[in-house]
1. Return yes when residue 113 is within 24 Å of residue 74 (Cβ to Cβ), away from the ligand (no atom under 16 Å from the Cβ) and not in a strand (DSSP E or B) and no when it is not.
2. Looking only at residues in the stretch 25-41 that are more than 16 Å from the chain's Cα centre (by Cα) and on the phi < 0 side of the Ramachandran plot, which one is surrounded by the fewest Cβ atoms within 10 Å (Cβ to Cβ)?
3. Which number in (1) in contact (Cβ under 8 Å) with a residue 60 or more places away in the chain; (2) of a type outside the set (Lys, Arg); (3) near the ligand (Cβ under 9 Å from one of its atoms); (4) in contact with a Ser or Thr (Cβ under 6 Å, 6 or more places away or on another chain) marks the one condition that residue 122 misses?
4. Six or more apart or on different chains, Cβ under 9 Å: which pairs go from a residue in the stretch 92-104 that's at pLDDT 90 or above to one that's within 10 Å of the ligand (Cβ to nearest atom) and β-branched (Val, Ile, Thr)? Could you list them?
5. Which one is nearest to the ligand (Cβ to nearest atom), of the residues in the stretch 74-100 that are under 11 Å from residue 53 (Cβ atoms) and among the hydrophobic types (A, V, I, L, M, F, W, C)?
6. Here are some residues: 133, 81. Which one is in a helix (DSSP H, G or I) and under 13 Å from the mean Cα position of the chain (by Cα)?
7. Those residues that are over 20 Å from residue 114 (Cβ atoms) and modelled with pLDDT of 95 or more, I need them from the stretch 67-85; list them, please.
8. Evaluate the stretch 212-220: report whether one residue or more is assigned to a helix (DSSP H, G or I), surrounded by fewer than 19 Cβ atoms within 10 Å (Cβ to Cβ) and out of contact with any strand residue (DSSP E or B) (no Cβ under 6 Å at 6 or more places or on another chain).
Amino acid sequence: MTTKAEAVRAMFTRIARRYDLMNSLMTAGLHHAWRAAVARAAAAAPEGPVLDLATGTADLALALRAAAPGRLVVGADFSLGMLREARAKLAARRARRVPLLAADALALPFRDGAFACVMSAFLLRNLEDLERGLAEMRRVTRPGGRVITLDIVRPAAPVWGALVGLYFRRVVPAIGALVAGDRHAYTYLPQSVARFVTPAELGTLMERVGLRDVRRRSLGLGTIALHIGVVPERA
Ligand SMILES: C[S@@+](CC[C@H](N)C(=O)[O-])C[C@H]1O[C@@H](n2cnc3c(N)ncnc32)[C@H](O)[C@@H]1O
């Protein structure tokens, strides 16, 4: 693992305890509705296990259990601190059948086609090699299955985009310093959004790794992009 990936992993481990509270404060609680949209799309995938990649504190895994109670969902993340929070939350909610494991999104320890669906929320901006991460998601999804991603993007509307940019650059680091005691992590967040691809570019990358019928939805007034791609059936 590179030093940059190590730094990202250490950062998430540092903020793990305050991560949920920060999400609720930054988004006024809307983050749950965005994950619920991903979970509904995952519930519509063909039968079979679902991977919540970069599960963090397991909110997306729990959203999937609410949308599709019978599904097996596996959570994977490379931060042991986040996984510890996930385990405590799953136990508190008495959520059984959600195995958690440590894994790097750029080298997944699963065989080809192991899952009917691989979903991720707020992972992609953090990857050093976005195309490789998408290719791994596609590799471990079986033919006919779905790859679903959710992430923060820069809104296309110029005035609204400037206001959101200001909020991310000025307000978010201040809340991060106050609540999580970590201004750095919440300065990294807007920087990662600024560096990230546009929704159209992400759609193109998903097609480049072999996904088909790529659809995208805009949520949160253009601040959130949800993408769904299908792994083609073998010829
Ligand atoms: C912003 S959090 C998102 C957590 C969760 N998916 C959610 O919806 O709240 C990003 C997560 O991605 C994980 N992550 C970042 N890069 C990763 C990688 N290369 N492999 C595995 N996990 C990674 C971090 O440890 C962190 O838990």
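The values are calculated or read from the model by the stated rules, or taken from the named source; none is laboratory data. Predicted model only: the values in this text are computed from it and were never measured. Note: ideal-geometry Cβ built from the backbone for every residue, glycine included; neighbour counts use all protein chains shown.
1. On the way: within 24 Å of residue 74 (Cβ to Cβ): yes; away from the ligand (no atom under 16 Å from the Cβ): yes; not in a strand (DSSP E or B): yes.
It is true that residue 113 is within 24 Å of residue 74 (Cβ to Cβ), away from the ligand (no atom under 16 Å from the Cβ) and not in a strand (DSSP E or B).
2. The qualifying residue surrounded by the fewest Cβ atoms within 10 Å (Cβ to Cβ) is 25.
3. Every condition holds for residue 122 apart from (4).
4. What qualifies is 98/55; 100/55.
5. Residues of the stretch 74-100 under 11 Å from residue 53 (Cβ atoms): 74-78.
Those still in the list that are among the hydrophobic types (A, V, I, L, M, F, W, C) too: 74, 76, 78.
On the way: 74: 13, 76: 7, 78: 4 Å.
Among those residues, the one meeting the criterion is 78.
6. Values: 81 fails: under 13 Å from the mean Cα position of the chain (by Cα).
It is 133.
7. As a first pass, look at the stretch 67-85 and keep what is over 20 Å from residue 114 (Cβ atoms): 67, 69, 79-82, 84-85.
If the condition is that a residue be over 20 Å from residue 114 (Cβ atoms) and modelled with pLDDT of 95 or more, then 67, 79, 80, 81, 82, 84, 85 are the ones that fit.
8. First, pick out the residues of the stretch 212-220 that are assigned to a helix (DSSP H, G or I): 220.
Applying the additional criterion that residues be surrounded by fewer than 19 Cβ atoms within 10 Å (Cβ to Cβ) yields 220.
In the following step, the residues that additionally are out of contact with any strand residue (DSSP E or B) (no Cβ under 6 Å at 6 or more places or on another chain) were identified as 220.
Yes, there is a match, as at least one residue in the stretch 212-220 is assigned to a helix (DSSP H, G or I), surrounded by fewer than 19 Cβ atoms within 10 Å (Cβ to Cβ) and out of contact with any strand residue (DSSP E or B) (no Cβ under 6 Å at 6 or more places or on another chain).
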